[in-house]
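Presented below is the structure to which this report refers.
The values are calculated or read from the model by the stated rules, or taken from the named source; none is laboratory data. What you see is a predicted model; the values in this text were computed from it and never measured. Counting neighbours? That spans all protein chains shown, and the Cβs are built from the backbone with ideal geometry, glycine included.
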Amino acid sequence: MDKGQKLARYERICGQLAGLLGRTADTQARMATVTALLYHKFDHYFWCGFYRLVDRDLVVGPYQGPLACQVLARGRGVCWAAVTGGETVIVPDVRRFAGHIACDARSLSEIVVPVRDAGGAIVAVLDVAGDKPEQFDEEDRQGLETIVALLTR
Ligand code: SME
C-alpha cells in the first residue's frame, strides 16, 4: 500500500468499529469483532489476535489465522515485551528478536499493542504477525493504537 493509504484504511475501519462495538460491552465479543474485521481488511496480516492477562499469564483470546500458542511463557517474546515496556513493539524481523515465540514458523514480522482498561492498567495485548519481514510501520502503530482504545470506550 502507498504511504497514507494504510492509515486511511485504518481510519475507515475505526469508523465501522465505533458503530459495531457500541452493540455490546462484552470484551470478548468486542475483541472477536476487532480481529475479524482487521484480519480480512489487510493483506499483510498473517495472524491477528489478543492475549489477555489472566492470573499473571498471557492467555490467548479471540484470534484469526493459524493455530496459536494458548499461554505465553512469562518473560519471553514480543507480547510480554509490550506488557513490561507498556508500549507498542514493532519487530521488523522476528528472527532477530531474542526470545521471540514462534507459534507459527511462517510469522516473520510483528506488531504488538498493549490494551489498557479504563483505569489505564494493561489487561491484554493485540498481536499482529506478517509472513514477510518489515510488514509493520508507524501507520500500523497509529491505526492499531486508535482501534485498541475503542475497546474500552
Ligand atoms: N510471537 C508472539 C507470540 C504470539 S504467537 O506468535 C501468535 C511473541 O513472541 O510473544
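Go through the stretch 42-60 and count every residue that is loosely packed, with under 14 Cβ neighbours inside 10 Å and either of a type outside the set (Val, Ile, Thr) or in contact (Cβ under 8 Å) with a residue 24 or more places away in the chain (or both). Write out each step before concluding.
So in the stretch 42-60, the residues loosely packed, with under 14 Cβ neighbours inside 10 Å come out as 43, 54-57.
Add one more test, that the residue is either of a type outside the set (Val, Ile, Thr) or in contact (Cβ under 8 Å) with a residue 24 or more places away in the chain (or both), and what stays is 43, 55-57.
Of the residues in that region, 4 qualify.
Among residues of the stretch 76-91 that are under 10 Å from residue 113 (Cα atoms), those with a beta-carbon under 6 Å from a residue that is modelled with pLDDT of 95 or more and in a loop (DSSP other than H, G, I, E, B) at least six positions away or on a different chain give the pairs 90/136.
Kindly provide the set of residues from the stretch 66-83 that are closer than 16 Å to residue 106 by Cβ and near the ligand (Cβ under 8 Å from one of its atoms), ordered by number.
Kept after step one, since they are closer than 16 Å to residue 106 by Cβ, are these residues of the stretch 66-83: 66-69, 78.
68, 69, 78 - these are the residues of the stretch 66-83 that are closer than 16 Å to residue 106 by Cβ and near the ligand (Cβ under 8 Å from one of its atoms).
Please pick out the residue among 10, 63, 39 that is within 16 Å of the ligand (Cβ to nearest atom) and buried (at least 19 other Cβ atoms within 10 Å of the Cβ).
On the way: 10 fails: within 16 Å of the ligand (Cβ to nearest atom); 39 fails: buried (at least 19 other Cβ atoms within 10 Å of the Cβ).
Only one candidate qualifies: 63.
Within the stretch 105-120, is even one residue among the basic types (Lys, Arg) and assigned to a loop (DSSP other than H, G, I, E, B)?
Start the filter on the stretch 105-120 by keeping residues that are among the basic types (Lys, Arg), which leaves 106, 116.
Next cut, assigned to a loop (DSSP other than H, G, I, E, B) only: 106.
Yes, the stretch 105-120 has at least one match.
Set side by side, the residues 72, 37, 21, 67 differ, and just one is closer than 21 Å to residue 140 by Cα and out of contact with any Ser or Thr (no Cβ under 9 Å at 6 or more places or on another chain), which is 37.
Among the residues of the stretch 110-121, those identified as buried (at least 19 other Cβ atoms within 10 Å of the Cβ) and either over 15 Å from the mean Cα position of the chain (by Cα) or near the ligand (Cβ under 10 Å from one of its atoms) (or both) are 110, 112.
From the list 145, 134, the lone residue that is more than 14 Å from the ligand (Cβ to nearest atom), in a helix (DSSP H, G or I) and surrounded by fewer than 22 Cβ atoms within 10 Å (Cβ to Cβ) is 145.
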